[in-house]
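The values are calculated or read from the model by the stated rules, or taken from the named source; none is laboratory data. It should be emphasised that the depicted structure is a prediction, and the values quoted were computed from it without experimental measurement. No Cβ is skipped: glycine too gets one built from the backbone with ideal geometry, and neighbour counts run over all protein chains shown.
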Amino acid sequence: MAEERIEVVRRCVAAWAAGDLAEVAEAEAAGDEVYALVRITSHGAGSGIENVATFPFVFTIHDGLIVRWRGFVEASEAREAASLPT
């Protein structure tokens with residue numbers, strides 16, 4: 001069941017990128033909550049310089065659908081919000 005929830009998040013994140021690469025670098029499920037560290041790779045429009053950034057999120061999954069997601073500044077805050085060890 002946890003893997004199914006994580007897969008829902010992976011599909012959602014893959015669909016975000018409009019010309020950029022977004023991928024789940026790390027994920028862990030706790031009940032209906034999925035903690036995900038999302039890595040986004042993009043390129044400057046003028047310079048072409050690559051930019052890589054990671055963002056922690058908590059997704060709430062219900063009946064196989066994402067019903068809520070929250071972004072955090074710190075991964076430890078997101079893990080705590082998902083009731084996971086920090």
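Quick one: is residue 32 out of contact with any helix residue (DSSP H, G or I) (no Cβ under 6 Å at 6 or more places or on another chain), of a type outside the set (Phe, Trp, Tyr) and at positive phi?
Criteria not met by residue 32.
Please go through region 36-53 and give me each residue that is β-branched (Val, Ile, Thr) and either at pLDDT 95 or above or under 14 Å from residue 13 (Cα atoms) (or both), ordered by number.
Selection gives 38, 40, 41.
Being surrounded by 16 or more Cβ atoms within 10 Å (Cβ to Cβ), of a type in the set (Gly, Ala, Ser) and closer than 13 Å to residue 9 by Cβ is the filter here; which residues of region 54-86 pass it?
Of everything in region 54-86, those that are surrounded by 16 or more Cβ atoms within 10 Å (Cβ to Cβ), of a type in the set (Gly, Ala, Ser) and closer than 13 Å to residue 9 by Cβ turn out to be 78, 82.
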